[in-house]
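Comments concern the structure below.
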Amino acid sequence: MARLEGSMVAIVTPMKDGAVDLRSLRELVEWHVAEGTDGIVPCGTTGEGATLTPAERAEVVRTVVEAARGRVQVVAGAGSNATHEAIESVKMAKELKADAALVVTPYYNKPTPEGLYRHYVAIWEAARFPVVAYNVPSRTAVDLMPETVARLAKAGAIVGIKEATANMDRQVQLVERVGKDAIAYLSGDDFTVLPYIACGGHGVISVVGNIAPRAMKELVVAARRGDHAKALDRQVAMAELNRVMFVETNPGPVKAAVALLGRAGGDLRLPLAPVSDASLAKVRDALVRFGLLKLA
């Protein structure tokens, strides 16, 4: 497979009356392709993968793969805190013809580095499918350290990592221990795209890309070309959007933004609740200031 790189979007899962809205999902994929997004990542954190049933996850991945039609890469969210469940999810992604699977570190269990290593190796040995490890300690209470990533890369168990620590020294350590282009390095934080790419990253799996895909693509392209002046201009211009998408727990704000833009409903699945009126006002104001939304 081609290396995963560029501006990828952790796509929201549209919902209506408690069910997944596949029609809106297909329309979102088509829009992202037209806007220049390089890859679609369904069923991740932003896609509420943790509260979708296995059947719903399969529907979402199948819909995204079919809508993408090979024009962009599809990396299916497939993680679990139980290794056997993660294996089945990765096998599903393979069967549905995604390009790779995004596998978050096992949350709640708090495995040791050896446990993390064995988790990903077991998935690779059982599924034989490209896996991108997803390191997001703020949500999982476990950190996938560079030493373990290097072991996994050497074993061939992963093809990339989505790194969401916002720590540039961490990224330098990954390049140091794993190798500059040995695996795909993808930022998991929109507010670090420029510095992350400057430290050897290949792209981003973005939340803000859900509402400003073309702007995110421009930022990534400029950063990868080494046009730091243009990239910094884009990074600064998007700073407020990046902040406001986390004014409450993701994906609450971004789903509200998608709804304000009329691209899909803003329904969330419990235990997530709709954003407060105050937060919604902040989201609306940021969209207006960025030029994505006009005042009525």
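The values are calculated or read from the model by the stated rules, or taken from the named source; none is laboratory data. Since this is a predicted model, take the numbers as computed values, not measurements. Quick reminder, even Gly has a Cβ in these numbers, built from the backbone with ideal geometry, and neighbours come from all protein chains shown.
The figures follow:
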quantity: Filter pass, residue 102 being in contact with a Lys or Arg (Cβ under 7 Å, 6 or more places away or on another chain) and in contact (Cβ under 8 Å) with a residue 40 or more places away in the chain; calculated: yes
quantity: Residues located in region 122-131, provided they are assigned to a helix (DSSP H, G or I) and not β-branched (Val, Ile, Thr); calculated: 122, 124, 125, 126, 127
quantity: Pick from region 226-241, criterion aliphatic (A, V, I, L, M) and under 15 Å from residue 198 (Cα atoms), ranking: surrounded by the fewest Cβ atoms within 10 Å (Cβ to Cβ); calculated: 229
quantity: Pairs with Cβ under 7 Å, 6+ apart, first in region 278-296 and farther than 13 Å from residue 261 by Cα, second surrounded by fewer than 17 Cβ atoms within 10 Å (Cβ to Cβ); calculated: 289/240
quantity: Number of the condition not met by residue 285 [criteria: (1) outside any loop (DSSP other than H, G, I, E, B); (2) of a type in the set (D, E, K, R); (3) in contact with a helix residue (DSSP H, G or I) (Cβ under 7 Å, 6 or more places away or on another chain)]; calculated: (3)
quantity: Residue that is nearest to the chain's Cα centre (by Cα) [pool: residues in region 1-19 that are more than 17 Å from residue 203 (Cα to Cα) and in a loop (DSSP other than H, G, I, E, B)]; calculated: 12
quantity: Contacts under 7 angstrom Cβ, first residue in region 146-157 being without any contact (Cβ under 8 Å) to a residue 12 or more places away in the chain, partner crowded, with 20+ Cβ neighbours inside 10 Å and in a helix (DSSP H, G or I), 6 or more apart; calculated: none
quantity: Residue within region 230-240 that is in contact with a helix residue (DSSP H, G or I) (Cβ under 7 Å, 6 or more places away or on another chain), part of a loop (DSSP other than H, G, I, E, B) and within 20 Å of residue 45 (Cβ to Cβ) present; calculated: yes
quantity: Hey, residue 101 over 17 Å from residue 209 (Cβ atoms), touching a Pro at 6+ places or on another chain (Cβ under 8 Å) and of a type in the set (Gly, Ala, Ser) or not; calculated: yes
quantity: Close pairs from region 261-274: first within 8 Å of residue 15 (Cα to Cα), partner of a type in the set (Gly, Ala, Ser) and at pLDDT below 95, Cβ under 9 Å, at least 6 apart; calculated: 267/18
quantity: Matching option when the condition is free of Cβ contacts under 8 Å to residues at least 60 places away in the same chain, within 16 Å of the chain's Cα centre (by Cα) and closer than 24 Å to residue 23 by Cα, among 67, 93, 133; calculated: 93
quantity: Only one of 252, 201 that is within 25 Å of residue 176 (Cα to Cα), of a type outside the set (A, V, I, L, M, F, W, C) and either at pLDDT 95 or above or in contact with a Gly (Cβ under 6 Å, 6 or more places away or on another chain) (or both); calculated: 201
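Residue-wise test of (1) modelled with pLDDT of 95 or more; (2) farther than 17 Å from residue 269 by Cα; (3) buried (at least 20 other Cβ atoms within 10 Å of the Cβ).
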{"site": "9", "(1), (2), (3)": "yes, yes, yes"}
{"site": "15", "(1), (2), (3)": "yes, no, yes"}
{"site": "18", "(1), (2), (3)": "no, no, no"}
{"site": "26", "(1), (2), (3)": "yes, yes, no"}
{"site": "29", "(1), (2), (3)": "yes, yes, yes"}
{"site": "32", "(1), (2), (3)": "yes, yes, yes"}
{"site": "38", "(1), (2), (3)": "yes, yes, yes"}
{"site": "43", "(1), (2), (3)": "yes, no, yes"}
